[in-house]
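The values are calculated or read from the model by the stated rules, or taken from the named source; none is laboratory data. These figures come from a predicted structure and were not determined experimentally. Don't worry about glycine lacking a Cβ; one is built from the backbone with ideal geometry, like all the others, and counts go over all protein chains shown. Note: areas computed on protein heavy atoms with side chains; ligands, DNA, RNA excluded. Shrake-Rupley method; radii C 1.70, N 1.55, O 1.52, S 1.80 Å.
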Amino acid sequence: MSPQQTTPNQPRPHSSGERADVAALRTRPQASVLVIGAGINGIATFRDLALQGVDVVLVERGDFVSGASSASSHMIHGGIRYLENGEFRLVKESVTERNALIRIAPHYVKPLETTVPIFSTFSGILSAPLRFLTHKAGKPTERGAALIKTGLTIYDAFSRDGGSVPRHRFHGRSRSLAELPALNPGVKYTATYYDASMHDPERLALDVLFDGLAAGPHARAANYLEAVGMGEQGVRVRDTLTGAEFDLAADVVVNTSGPWTDLTNEGLGRATAFMGGTKGSHIVLDNDELLAATAGREIFFEHEDGRIVLIYPLKGKVMVGTTDLEHDMREPAVCTEAEVDYFFELIAHVFPAVPVDRSQIVYRFSGVRPLPRHDDEAPGFVSRDYRIERSDVAERPGTTLLSLVGGKWTTFRALAEHLSNEVLGLLGSARTRSTVGRAIGGGAGYPTTDGARRVWLASHGDEIGRARAEQLLERYGTRAEAFIASMEGERDEPLEHHAGYSRGEIAWLVGTERVVHLSDVVLRRTSIAFTGALTAPLLDELAAIAGTELGWDAERRSAEVAATRELLASRHGVVLEQLVG
C-alpha cells in the first residue's frame, strides 16, 4: 500500500503535510464530546458514544493504548482479592464482564487455569477480618488454605454463568506435586481456579477503537495530540509531531487519562487530587525450564509481604510480576534492578530448583495503576472500583468536565457504559444501542468450535496456506480477512529477519492502524519486542517498510530507528547490538 492509498481507518494525508486525522479535526474543530486519553477506558467510552451516534472526538498525547493500559498483567479477572476488601459489587461486575469478554472477544480473551500454591493451613485467618474492616496495612500475612478455600467458594458463587469457566479444585501436597513436579516441595496444598488471559491487550484495545471509528464520520480520533489548556474556545490541543496548536470545542469534556488524570486537569487549569496510583512492574523471561514448570498454568499467590505474585506462561515465554509501589506521575515508570531481584526471589520460593538469571530477561515493563488517592490505606487494599467526578467549566458556560477516577481492564465495557450514560444525560440524549453481548473487532464471527475453525481455515487458506491462515486468525481474529483480501494476487513474503510476520502484513498494519512512529509497530501493533524477537537488522527492516508506507525520507527513518532504540533501552531493558559497516 503506497502512502497515497487509504482505508477507512487511515485517512488520506492532507495536502499541507499535516496528518489527515489531525487535519480533519482542525477543519471541523467542534464535537458534542471530547474524550482525552486513549487507554482502554477512554477508547471504550469513545466506542460506546460512537455507537449511540454521538459526535465524539478522542485524543491521546502518545500512541493509542500506550500508557497504563499497555502495562497490564495480561489478565481479565474477577478479582478474588476484592472479596477481602468487601467490594462485592466490583467482584460481581468483574466476573460478569470476564465471562462476557470470553464470548465477545474470544480471539484475545480465553479461560486461564490459575494455581495458587499454599504453604500453610490457617495463616491469615485472624488478620483477614481486621484488614477487611480497616483496610490498613497491618502486618502482611501469606494466606493459608482455610482462608483461600473460603474465598474461592464465594468466588465460584459469583462466577455462575452457564459454565464460562469451571469451578475451583483443591489438592493436597501429593497430588499438587504430581501435577506440578517443580513446585516447592514444602507446599501443603494447591488451589486451582479459572480466570481469563488477555494475550494481546494492545490489540484488543485497537479492536475497540476501530469499532468506534467504524460507527461513522461522527466518530473521530487522533493519537499524538495532547490537550494542553482550556479557554473560551475550548480545549487547546497540540500536535506532538509538528508543535501546531488549535482549539477543540465540546459540550462535554471527559478526562480518561488514567493515572495522569490530575496532571491532565492541571494542564486544563484545574487543580485536582483524585489519583494515587501505584507502580507495577513485570519481566519476560526466555526460560524453557520455567515455562515447562508452569504446565501451561498461571501461578498466582500473595507473598508474605502482601504483594500479589504471578508467574505466567505467555507467547512461549514466562512473564513474572508484579510490584505495588508508590510513584510520582511526573517521572517515567521503569522496572528497577531491585524489582528484578524481588522477582527472582519469588521464583525461587515457588520453583526452587529452576535457575533464572538476568541474561534470560528479554523484556521488562512498568506502568502505574489508575488508583484513587489512598493516603494511609495499604496499596493492595485501595479500591479498584471507579467513580466519576463532575465540574463546570467557567471559561465556557454550559461545558461540563467529567474526570474518571479508577477503573481496570476487566470492567472496561461496563465502565464505558456507565460513563457514556452520564454523558448522554448531560447531552439530553437517550441510549439507542447496548454494548452487552456485542462482539469486539475480530471476535465477530470468530470460529469457536473445531468444525467452524476448519471451515474458516479452508475458506481463507487457499492463497496463503492453512498454517499461515491459522496464524493470522490467532493474531487478529476475523479481522485477518481484511489482510488476506488485501494480499490477493500478491506474494505473502516473510520478513527477512522474522519469519513470523510478512512484509505485506507490516505494511498493512502501518497503513490501516494509525501508526505514526516506528515504536508503535514494535511495541503495540506487534508483539515482536515483548517476545524478545527484535534485533537491529529487524528494526531496520521494519523502518524501511514503515517509511515506504508513511513517506519518510532517510533522515526521518534514521531518527525513528534511533528513537526506538533509546526507548527500548531506557524503558524496557532491550539493548540492540550496533551494526558495523
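Of note:
- Single condition residue 334 does not satisfy, out of (1) open to solvent by 20 Å² or more (accessible area, probe 1.4 Å); (2) assigned to a strand (DSSP E or B); (3) hydrophobic (A, V, I, L, M, F, W, C); (4) modelled with pLDDT of 90 or more: (2)
- Of the helices (runs of 4 or more DSSP H) lying entirely inside region 188-298, those containing at least 3 residues that are within 18 Å of the chain's Cα centre (by Cα) and under 27 Å from residue 55 (Cβ atoms) span 201-213.
- Contact map, region 143-167: first residue farther than 14 Å from residue 100 by Cβ and open to solvent by 50 Å² or more (accessible area, probe 1.4 Å), second residue assigned to a loop (DSSP other than H, G, I, E, B) and at pLDDT 65 or above, Cβ cut-off under 8 Å, separation 6 or more or different chains; pairs are 153/168.
- Top-ranked residue of region 304-329 - restricted to ones that are of a type in the set (D, E, K, R) and closer than 19 Å to residue 70 by Cβ, ranked as most open to solvent (accessible area, probe 1.4 Å): 315
- Of the numbered criteria (1) over 30 Å from residue 399 (Cα atoms); (2) buried (at least 22 other Cβ atoms within 10 Å of the Cβ), the one residue 255 fails is (1).
- Of all residues in region 422-440, those satisfying the criterion of being under 13 Å from residue 102 (Cα atoms) and buried (at least 18 other Cβ atoms within 10 Å of the Cβ) are 439, 440.
- Count - residues of region 193-235 that are open to solvent by 10 Å² or more (accessible area, probe 1.4 Å), among the aliphatic types (A, V, I, L, M) and within 26 Å of residue 72 (Cα to Cα): 2
- For region 545-564, the criterion of being out of contact with any strand residue (DSSP E or B) (no Cβ under 9 Å at 6 or more places or on another chain), under 24 Å from residue 319 (Cβ atoms) and crowded, with 23+ Cβ neighbours inside 10 Å is met by at least one residue.
- Taking (1) over 30 Å from residue 29 (Cα atoms); (2) touching a residue at least 40 places away in the same chain (Cβ under 8 Å); (3) buried (at least 16 other Cβ atoms within 10 Å of the Cβ) in turn, residue 291 satisfies each apart from (2).
- Residue in region 501-508 that is modelled with pLDDT of 95 or more, crowded, with 20+ Cβ neighbours inside 10 Å and of a type in the set (Asp, Glu) present: yes
- Within region 1-29, the set of residues being at pLDDT 85 or above and either over 19 Å from residue 226 (Cβ atoms) or part of a helix (DSSP H, G or I) (or both) comprises 20, 21, 22, 23, 24, 25, 26, 27, 28.
- Of the residues contained in region 112-121, one or more are found to be assigned to a strand (DSSP E or B), open to solvent by 30 Å² or more (accessible area, probe 1.4 Å) and modelled with pLDDT of 85 or more.
- Scanning region 337-354 for residues that are under 14 Å from residue 287 (Cβ atoms), assigned to a helix (DSSP H, G or I) and either open to solvent by 10 Å² or more (accessible area, probe 1.4 Å) or touching a Gly at 6+ places or on another chain (Cβ under 8 Å) (or both) yields a total of 3.
Residues are listed down the side, and each one gets a yes or a no for (1) within 28 Å of residue 398 (Cβ to Cβ); (2) in contact with a Leu (Cβ under 8 Å, 6 or more places away or on another chain):
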residue	(1), (2)
38	yes, yes
43	yes, yes
54	yes, yes
68	no, no
73	no, yes
87	no, no
94	no, no
98	no, no
102	no, no
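- Count of region 525-581 residues, restricted to those that are farther than 24 Å from residue 204 by Cβ, touching a residue at least 12 places away in the same chain (Cβ under 8 Å) and not in a helix (DSSP H, G or I), is 7.
- Close pairs (8 angstrom Cβ cut-off, 6 or more residues apart or separate chains): among the aliphatic types (A, V, I, L, M) in region 78-100, modelled with pLDDT of 80 or more and open to solvent by less than 30 Å² (accessible area, probe 1.4 Å) anywhere: 80/91; 80/193; 83/91; 90/411; 100/413
- No other residue among 491, 514 is of a type in the set (Lys, Arg) and modelled with pLDDT under 95 apart from 491.
- Listed conditions (1) open to solvent by less than 20 Å² (accessible area, probe 1.4 Å); (2) more than 30 Å from residue 563 (Cβ to Cβ) are all met by residue 453, apart from (1).
- With respect to the conditions (1) more than 30 Å from residue 281 (Cβ to Cβ); (2) open to solvent by 50 Å² or more (accessible area, probe 1.4 Å); (3) hydroxyl-bearing (Ser, Thr, Tyr), residue 570 lacks only one, and its number is (1).
- One residue alone among 188, 139 is at pLDDT 90 or above, open to solvent by 70 Å² or more (accessible area, probe 1.4 Å) and not aromatic (Phe, Trp, Tyr), and that residue is 188.
- Close pairs from region 42-57: first part of a loop (DSSP other than H, G, I, E, B), partner of a type in the set (Lys, Arg), Cβ under 7 Å, at least 6 apart: 52/431; 52/433
- Condition met for residue 481 (closer than 27 Å to residue 503 by Cβ and open to solvent by 10 Å² or more (accessible area, probe 1.4 Å)): yes
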